[in-house]
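See structure below.
Nothing in this text is a laboratory measurement; each read-out follows from the coordinates by a stated rule. Fair warning: this is a prediction, and the values are worked out from it, not measured in the lab. Glycine gets a Cβ as well: all are built from the backbone with ideal geometry, and neighbour counts include every protein chain shown.
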């Protein structure tokens, strides 16, 4: 699953960017956060997660973070990631598109009540 499909971020890419918008994280923490955000409906496999992270890195939407927790709370093998300003803009734009789609998809009778 590529990061961008038909000019739109994939749902998994949106979830990863949303997680990183809350702060830098390592891969396993990203996986756990995505699962928690989706109530367990999205579970990114390790291969899928790191492929998406590589694509997001190449697209300039995330970067490897130099920030690390204190050594007693860290494992030096972990790679930490953070969202870039371009990633924030892309996430914001994609969320706005999704909000418009949701608004358009609601039945006309429900639009006044929502």
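All C-alpha pair distances within region 4-111, sorted into 10 Å bins from zero, spread as 14, 43, 30, 10, 3, 1 percent across the bins. Each 10 Å bin from zero up to the one holding the largest Cα-Cα distance in region 21-71 carries the following percent of pairs: 22, 53, 24, 1. Put a dot 7 Å past the Cα of residue 21, heading toward its Cβ, do the same for residue 57, and the two dots end up 2.3 nm apart. The stretch between residue 97 and residue 43, if pulled fully straight at 0.36 nm per residue, gains 17.1 nm over its current Cα-Cα span.
By the count of neighbouring beta-carbon atoms within 10 Å, fewest first, 46, 14 end up ordered 46, 14.
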